[in-house]
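Report on one structure; see the data block that follows.
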Amino acid sequence: EPEVTQTPSHQVTQMGQEVILRCVPISNHLYFYWYRQILGQKVEFLVSFYNNEISEKSEIFDDQFSVERPDGSNFTLKIRSTKLEDSAMYFCASSGDGSQETQYFGPGTRLLVL
Amino acid sequence: SQQGEEDPQALSIQEGENATMNCSYKTSINNLQWYRQNSGRGLVHLILIRSNEREKHSGRLRVTLDTSKKSSSLLITASRAADTASYFCAPLRYNTDKLIFGTGTRLQVFP
């Protein structure tokens with residue numbers, strides 16, 4: 001069964017450094033999402049992406065964050081200058097049938113900012 | 001808010017028993033999705049029920065939706081130790097595609 005994959009599974013970085021989290025959505029899906037979960041807290045929506053544009057973004061998704069679909073298979077989340085509070089599990093998701101249909105999540109990237 | 005609130009926060013049962021989790025929300029919705037999360041792992045989609053549906057089944061899962069009461073329930077029948085996880089409901093409003101998760105129900109199934 002097709003699934004969303006994410007790399008790396010774990011990332012440790014120093015505060016102020018840039019990180020890029022990578023996702024490969026399910027191949028025929030058109031809608032892409034990033035969510036994050038700070039340890040012990042709720043899963044939070046960050047951004048949705050369709051047709052090479054951001055469809056919707058949350059207040060968390062400020063100028064330090066950006067997303068890109070650099071080719072036909074990858075979907076990336078970049079954090080330009082990481083902060084301690086960016087430490088979290090980051091989940092990518094994709095949806096194929098429409099923007100309001102089932103979202104399939106990847107296994108996540110655990111980001112630790114020191 | 002769109003966020004679903006799950007109840008109870010925690011539930012402990014023996015293998016073979018049924019587990020029922022409830023979800024309440026406040027806005028009109030297009031659909032409601034249930035997810036499972038094993039500790040520290042990704043979210044696994046369980047079932048999607050649309051606003052014009054009242055009940056849906058998938059294997060040992062039964063989901064109901066009452067839009068007049070703005071509530072949903074997830075029933076897991078004949079539970080197994082492997083069902084131990086946190087369960088979340090995510091109501092989805094029209095004109096948005098962001099899922100808003102609550103704190104979930106932590107289900108513990110003892111062998």
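The values are calculated or read from the model by the stated rules, or taken from the named source; none is laboratory data. A quick note: this is a predicted structure, and the numbers were derived from the prediction, not measured. Cβ coordinates were reconstructed from backbone atoms using ideal geometry, including for glycine residues, and neighbour counts include every protein chain displayed. Remember, those area values only see protein heavy atoms, side chains included, never the ligands or the DNA or RNA. Shrake-Rupley method; radii C 1.70, N 1.55, O 1.52, S 1.80 Å.
Given the options A:Ser55, A:Ser66, name the one that is surrounded by fewer than 19 Cβ atoms within 10 Å (Cβ to Cβ), in contact with a Lys or Arg (Cβ under 8 Å, 6 or more places away or on another chain) and either of a type in the set (S, T, N, Q) or more than 17 Å from B:Lys98 (Cβ to Cβ) (or both).
A:Ser66
Please find, within the stretch A:82-114, the residue that is modelled with the lowest pLDDT out of those that are open to solvent by less than 50 Å² (accessible area, probe 1.4 Å) and over 14 Å from the mean Cα position of the chain (by Cα).
Among those residues, the one meeting the criterion is A:Ser99.
For the stretch B:42-59, give me each residue that is more than 13 Å from the chain's Cα centre (by Cα), surrounded by 14 or more Cβ atoms within 10 Å (Cβ to Cβ) and more than 11 Å from chain A (Cβ to nearest Cβ).
B:Glu53
Given the conditions (1) over 17 Å from B:Gly42 (Cα atoms); (2) within 12 Å of another protein chain (Cβ to nearest Cβ), and given that A:Glu44 satisfies all but one, which numbered condition is not satisfied?
A:Glu44 satisfies all of (1) over 17 Å from B:Gly42 (Cα atoms); (2) within 12 Å of another protein chain (Cβ to nearest Cβ) except (1).
Scan (1) surrounded by fewer than 17 Cβ atoms within 10 Å (Cβ to Cβ); (2) in a loop (DSSP other than H, G, I, E, B); (3) within 13 Å of another protein chain (Cβ to nearest Cβ) for the single condition A:Phe61 breaks and write down its number.
In the conditions (1) surrounded by fewer than 17 Cβ atoms within 10 Å (Cβ to Cβ); (2) in a loop (DSSP other than H, G, I, E, B); (3) within 13 Å of another protein chain (Cβ to nearest Cβ), A:Phe61 misses (1) alone.
Take the residues of the stretch B:1-41 that are within 11 Å of chain A (Cβ to nearest Cβ) and of a type in the set (Phe, Trp, Tyr): which is farthest from the chain's Cα centre (by Cα)?
Ranking the candidates gives B:Tyr35 first.
Of the residues in the stretch A:1-36, how many are surrounded by 20 or more Cβ atoms within 10 Å (Cβ to Cβ) and over 20 Å from A:Pro70 (Cβ atoms)?
Counting residues in the stretch A:1-36 that are surrounded by 20 or more Cβ atoms within 10 Å (Cβ to Cβ) and over 20 Å from A:Pro70 (Cβ atoms) gives 2.
If you go through the stretch A:78-113 one residue at a time, how many are of a type in the set (Val, Ile, Thr) and either part of a loop (DSSP other than H, G, I, E, B) or facing chain B (nearest Cβ under 8 Å) (or both)?
Of the residues in the stretch A:78-113, 2 are of a type in the set (Val, Ile, Thr) and either part of a loop (DSSP other than H, G, I, E, B) or facing chain B (nearest Cβ under 8 Å) (or both).
Yes or no, residue by residue, for (1) within 25 Å of B:Tyr94 (Cα to Cα); (2) part of a strand (DSSP E or B); (3) touching a Gly at 6+ places or on another chain (Cβ under 7 Å); (4) open to solvent by 10 Å² or more (accessible area, probe 1.4 Å):
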| residue | (1), (2), (3), (4) |
| --- | --- |
| B:Ile13 | no, yes, no, yes |
| B:Glu17 | no, no, no, yes |
| B:Thr20 | no, yes, no, yes |
| B:Lys26 | yes, no, no, yes |
| B:Ser39 | no, no, no, yes |
| B:Val63 | yes, yes, no, no |
| B:Lys69 | yes, no, no, yes |
| B:Ala78 | no, no, yes, yes |
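When you check B:Phe88 against the structure, is it open to solvent by less than 30 Å² (accessible area, probe 1.4 Å), outside any strand (DSSP E or B), within 8 Å of another protein chain (Cβ to nearest Cβ) and among the aromatic types (Phe, Trp, Tyr), yes or no?
So B:Phe88 does not fit the description; no.
Kindly evaluate B:Pro111 against the criterion of being touching a residue at least 60 places away in the same chain (Cβ under 8 Å) and closer than 14 Å to B:Asn30 by Cα.
Taking the combined requirement at face value, the residue does not satisfy it.
If B:Glu55 passes every condition in (1) out of contact with any Gly (no Cβ under 7 Å at 6 or more places or on another chain); (2) touching a residue at least 12 places away in the same chain (Cβ under 8 Å); (3) over 30 Å from A:Tyr50 (Cα atoms) but one, which one does it miss?
Looking at each condition in turn, B:Glu55 falls short on (2).
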